[in-house]
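Single-structure report; data block below.
The values are calculated or read from the model by the stated rules, or taken from the named source; none is laboratory data. Just so it is clear, the model here is predicted, and its values are computed rather than measured. When we count neighbours, we look across all protein chains shown, and the Cβ atoms used for this are built from the backbone with ideal geometry, even at glycine. All accessible areas refer to the heavy atoms of the entire protein, side chains included, with ligands and DNA or RNA removed. Shrake-Rupley method; radii C 1.70, N 1.55, O 1.52, S 1.80 Å.
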Amino acid sequence: MASPFSGALQLTDLDDFIGPSQDCIKPMKIDKKLGSGVAKIHIEDDGTYFQVSQDGGTRKLEKAKISLDDCLACSGCVTSAETVLITQQSHEELRKILDANKSRASLAVKFQLNPTDTAKKLTAFFKKLGAHYVFDTAFSRNFSLLESQREFVRRFRGQADRKHALPVLTSACPGWICYAEKTHGSTIIPYISTARSPQQVMGSLVKDFFAQQQCVTPDKIYHVTVMPCYDKKLEASRPDFFSQEHQTRDVDCVITTGEVFKLLEEEGVSLPDLEPAPLDSLYGSMSPQEPSSHRGGGSGGYLEHVFRHAAQELFGIHVDKVTYKPLRNKDFQEVTLESEGRVLLHFAAAYGFRNIQNLVQKLKRGRCPYHYVEVMACPSGCLNGGGQLKAPEMPSKELLQHVERLYSMVRTEAPEDVSEVRELYQHWLHGEGSERTDCLLHTSYHAVEKASSGLSIRW
């Protein structure tokens, strides 16, 4: 069965696959006392583990479980053992939480609805299951885009400083980030944007701002996101997005579009038959939100928004339409801003791992001509994410085109024009560039040492 995770997490030359015959467990903690010699492990037919001492005595060991908490995608447990997801990041876990408390475009294609109606009917469905509030992640994407724009301008103006290296590489795709951290480490990390993804910005909004509005501590809120990508489960599990003070994650659970469909099936609910319900607003005083998107494609529109902003801010040039120039394939395209025959800005979009590899090689050789690159692990970007619904009766290319058409129908808005965003910057974040803005809307990345062969041992 093909893995739902991005190709960047499945490469055999990255020691990223464990054969089905191997157990996906962490090594046992062995009690080693001074002078006791080397301990041995004996495995019973039922899978029970025993530590055997030199004198023949035995002690039963507890079999450790791996969750996404333990995972940096440095071995194949993520790509080959779906049980990793069950303990923390799955629709079963969401169901358990809801029972205890009693990506729109893909679903829209499945049910032949428009994206706006789909969002409202999904809101009704989740509230039927027991959710108290349903928000649109497009709202948090406003902050991610704005911070990405401002960060690029800062880096462009200070590019002589190696700490602000160009090109800036987008950071919203966790499959790409995972690959960068574990294979190229300090070589690539300085180029990666520190702006949090929309999912993790929403985590800050819900667990900080909204928790304050509701007069509760963050650990009293269980926050679930619906994403088109399995790799988003890894992102939510990063230690960077865990509050030690409140012992809670910014995003407690991530379910994919496909898992939402499973929930609908298990509940015996037909989405078209549900009465629509408005999405909630993070501000209690605001009116209910209408679903929205950002122009610039189905991967968040980072390139286009940053390009337009940089052209205006750095060179005083208004760009109405961004024109893409395809290169070797449709998943590698360039955008340039020229004036009097001189290239002022040189941007690119690199989707899919083949293009990412070419980009990385250019960077390592010091031959990358770009100022900014929108990087996504999946070919065709997020609309083709591994967590999206598939339609066996429809060719994949036709399905993707249909999803793109429906996505383009959603109301678009520029992040600069959203009054609620401006208010939150002023009252919640204490202004642009503040310490709170840096803490709640940005993150950092870490080089990961290549794992030894320890986890490949068959215990």
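So here's what we get for this one:
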item	result
Residue that is surrounded by the fewest Cβ atoms within 10 Å (Cβ to Cβ) [pool: residues in the stretch 178-204 that are of a type outside the set (Ser, Thr, Tyr) and touching a Ser or Thr at 6+ places or on another chain (Cβ under 6 Å)]	ILE192
Residues (part of a loop (DSSP other than H, G, I, E, B) and more than 20 Å from LEU234 (Cβ to Cβ)) located in the stretch 247-270	GLN247, GLY268, VAL269, SER270
Residues of the stretch 210-224 classified as β-branched (Val, Ile, Thr) and either over 21 Å from the mean Cα position of the chain (by Cα) or crowded, with 24+ Cβ neighbours inside 10 Å (or both), total	2
First in the stretch 254-269 and among the hydroxyl-bearing types (Ser, Thr, Tyr), second anywhere and buried (at least 18 other Cβ atoms within 10 Å of the Cβ) and assigned to a strand (DSSP E or B), Cβ under 8 Å, 6 or more apart	THR256/VAL226; THR256/MET227; THR257/VAL226; THR257/MET227
Members of the stretch 428-447 found to be farther than 20 Å from ARG238 by Cα and part of a loop (DSSP other than H, G, I, E, B), listed by number	TRP428, LEU429, HIS430, GLY431, GLU432, GLY433, SER434
Per-region count, the stretch 157-177, residues at pLDDT 90 or above and open to solvent by 30 Å² or more (accessible area, probe 1.4 Å)	2
Single residue of the stretch 107-156 satisfying the filter (touching a Gly at 6+ places or on another chain (Cβ under 8 Å) and within 26 Å of GLU259 (Cα to Cα)) that is modelled with the lowest pLDDT	ARG141
Hits in the stretch 303-333 (condition: within 15 Å of ALA414 (Cα to Cα) and of a type in the set (S, T, N, Q))	GLN312
TYR351 being aromatic (Phe, Trp, Tyr) and over 22 Å from the mean Cα position of the chain (by Cα)	no
Residue selected from the stretch 318-350 under the condition part of a loop (DSSP other than H, G, I, E, B) and charged (D, E, K, R), by the criterion least open to solvent (accessible area, probe 1.4 Å)	ASP331
